[in-house]
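Taking it in order: structure first as structure tokens, then the write-up.
The values are calculated or read from the model by the stated rules, or taken from the named source; none is laboratory data. Only a predicted model underlies this, so the values are computations on that prediction, with no experimental measurement involved. Using ideal geometry, Cβ is built from the backbone for each residue, glycine included, and neighbour counts are taken over all protein chains shown.
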Amino acid sequence: MKSLLPLLVLAGSSLALAANPPALLTHEFIYEQAPYPSCHASTIVESAQGGLIAAWFGGTAEKNPDVGIWVSHFDRAKHAWLPGVEVANGVQANGKRHPTWNPVLFQPRGNAPLMLFYKVGPSPQTWWGEVRTSTDGGKTWSAARRLPDGIYGPIKNKPVQLADGTILSPTSDETDEKPSKWRVYFERSTDGGATWAKTPFLNDGIAVGAIQPSILFHDSIGGAKLQAIGRTRQGKVFTVSSDNAGKTWGAMSLLDGLQNPNSGTDAVTLKDGRHLIVYNPVPKGRTPLKVAVSRDGQQWKDVITLEDQPGEYSYPAVIQTSDGRVHITYTWKRQRVRHAVIDPAKL
């Protein structure tokens, strides 16, 4: 398959790339202007048709009722992202509108429809999950389908598909109990997302308050030996492992080498077996934003700095496309969505 993006630096990013390492091929904004002032929680996917698609939530500000889910496609002929289009919002049958949150794009294998998961509701304690599907690479979308009560879909980061076709969705919840609990669990589907079953919680939510996991593979892509890592309230990224394809999990602990300022991360296992995480390596704040790699999921090394100036650079999403390149999207100062392309062979 031909590369999704040219090696050329896209307009507006040449100066930013001048001092960056050779592995960072492209560093651009998906849009310069939008009909809303604030955005967050981007997601990116390669569709079955080979197209690159990004989504995020945008509106006046997070939690406001006018926040909707926006989608943009990368036009390979123009070498540019197309203007974003709102494809989902929280308007209810009675006319009341709720905010939407944390879209997650996921492309199952084969000819299965592209899936867009997102949350609807006033807050993370009261939201519910919805999903829309597309059979034409995200050009058009089905009506929203509300997920069953207690099933939220992927909470921030992408699901994975195991060798037997099972979809494993990384999920978590945030209670308003006192003390509040942040707990990780997973949702499994063996019928392409038609029905879901929940695992037990992996942590008590207090000793380690953890949410928003990403799933890594430790034998082969789609295999049974899994590791989940993600955000905590304890100043470091959590880790937890499974030897049976996510049916059961071991004890959760913290990774000494990966700081976390209670901010979202995302990670992926590369085709060459290495693992890659995008994260904020500080105890407080959401800058800088860096990329680190690991052979074993335990010892990590920073390899690229995506942002290091004052401001918020957060909530990354990362995938590896069929051409081998790594694509990252993230929030840039809550004003725009930025996209980076990395050649992992040059890391």
statement: By residue number, the members of the range 208-223 that are of a type in the set (A, V, I, L, M, F, W, C) and at pLDDT 95 or above are Val208, Ala210, Ile211, Ile215, Leu216, Phe217
Candidates Asp266, Asp323, filtered to the one that is in contact (Cβ under 8 Å) with a residue 40 or more places away in the chain, under 19 Å from the mean Cα position of the chain (by Cα) and farther than 17 Å from Lys225 by Cα: Asp266
message: Pairs needed: first member in the range 190-211, free of Cβ contacts under 8 Å to residues at least 60 places away in the same chain and surrounded by fewer than 14 Cβ atoms within 10 Å (Cβ to Cβ); second member anywhere, in a loop (DSSP other than H, G, I, E, B) and of a type in the set (Lys, Arg); C-beta distance under 9 Å; at least 6 residues apart or different chains.
response: Asp204/Lys181; Ile206/Lys181
Subset of the range 54-66 (residues that are surrounded by fewer than 23 Cβ atoms within 10 Å (Cβ to Cβ) and among the aliphatic types (A, V, I, L, M)): Ala61
- prompt: Would it be correct to say that Pro35 is part of a loop (DSSP other than H, G, I, E, B), more than 28 Å from Val303 (Cα to Cα), more than 19 Å from the chain's Cα centre (by Cα) and free of Cβ contacts under 8 Å to residues at least 12 places away in the same chain?
  reply: yes
task: Could you check Gly150 against (1) surrounded by fewer than 16 Cβ atoms within 10 Å (Cβ to Cβ); (2) farther than 28 Å from Leu258 by Cβ; (3) free of Cβ contacts under 8 Å to residues at least 24 places away in the same chain and say which number it fails?
output: (3)
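Every residue, every condition in (1) touching a Leu at 6+ places or on another chain (Cβ under 8 Å); (2) under 23 Å from Arg132 (Cα atoms); (3) modelled with pLDDT of 95 or more; (4) in a loop (DSSP other than H, G, I, E, B), yes or no:
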{"residue": "Leu4", "(1), (2), (3), (4)": "yes, no, no, yes"}
{"residue": "Leu15", "(1), (2), (3), (4)": "no, no, no, no"}
{"residue": "Pro21", "(1), (2), (3), (4)": "no, no, no, yes"}
{"residue": "Tyr31", "(1), (2), (3), (4)": "no, no, yes, yes"}
{"residue": "Cys39", "(1), (2), (3), (4)": "no, yes, yes, no"}
{"residue": "Ile44", "(1), (2), (3), (4)": "yes, yes, yes, no"}
{"residue": "Phe57", "(1), (2), (3), (4)": "no, yes, yes, no"}
{"residue": "Ala77", "(1), (2), (3), (4)": "no, no, no, yes"}
- prompt: Among the residues of the range 104-123, is there at least one that is of a type in the set (D, E, K, R), farther than 22 Å from Phe74 by Cα and within 20 Å of the chain's Cα centre (by Cα)?
  reply: yes
query: Among (1) in a loop (DSSP other than H, G, I, E, B); (2) of a type outside the set (Val, Ile, Thr); (3) under 27 Å from Leu216 (Cβ atoms); (4) in contact with an Asp or Glu (Cβ under 9 Å, 6 or more places away or on another chain), where does Gln125 come up short?
result: (3)
task: Would you check if Asp191 is over 20 Å from the mean Cα position of the chain (by Cα), in a strand (DSSP E or B) and among the charged types (D, E, K, R)?
output: no
- request: Hey, can you tell me all the residues within the range 290-324 that are crowded, with 19+ Cβ neighbours inside 10 Å and under 21 Å from Gly50 (Cβ atoms)?
  value: Ala317, Val318, Ile319, Gln320
message: Just the residues that are surrounded by fewer than 20 Cβ atoms within 10 Å (Cβ to Cβ) and touching a residue at least 60 places away in the same chain (Cβ under 8 Å), please, taken from the range 326-335.
response: Arg334, Gln335
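Per-residue answers, yes or no, for (1) of a type in the set (Val, Ile, Thr); (2) touching a residue at least 40 places away in the same chain (Cβ under 8 Å):
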residue	(1), (2)
Ser214	no, yes
Ala228	no, yes
Thr239	yes, yes
Gly250	no, no
Leu254	no, yes
Gly257	no, yes
task: Return a yes/no flag: does the range 68-87 have any residue that is crowded, with 22+ Cβ neighbours inside 10 Å, in contact with a Cys (Cβ under 8 Å, 6 or more places away or on another chain) and within 27 Å of Ala267 (Cβ to Cβ).
output: yes
Condition check for Leu258: buried (at least 17 other Cβ atoms within 10 Å of the Cβ) and closer than 22 Å to Arg188 by Cβ: no
task: Considering every residue within the range 128-141, establish whether at least one is buried (at least 19 other Cβ atoms within 10 Å of the Cβ), in contact (Cβ under 8 Å) with a residue 12 or more places away in the chain and under 26 Å from Ile229 (Cβ atoms).
output: yes
query: If you take the residues in the range 79-94 that are modelled with pLDDT of 95 or more and small (Gly, Ala, Ser), which one is nearest to Thr135 (Cα to Cα)?
result: Ala88
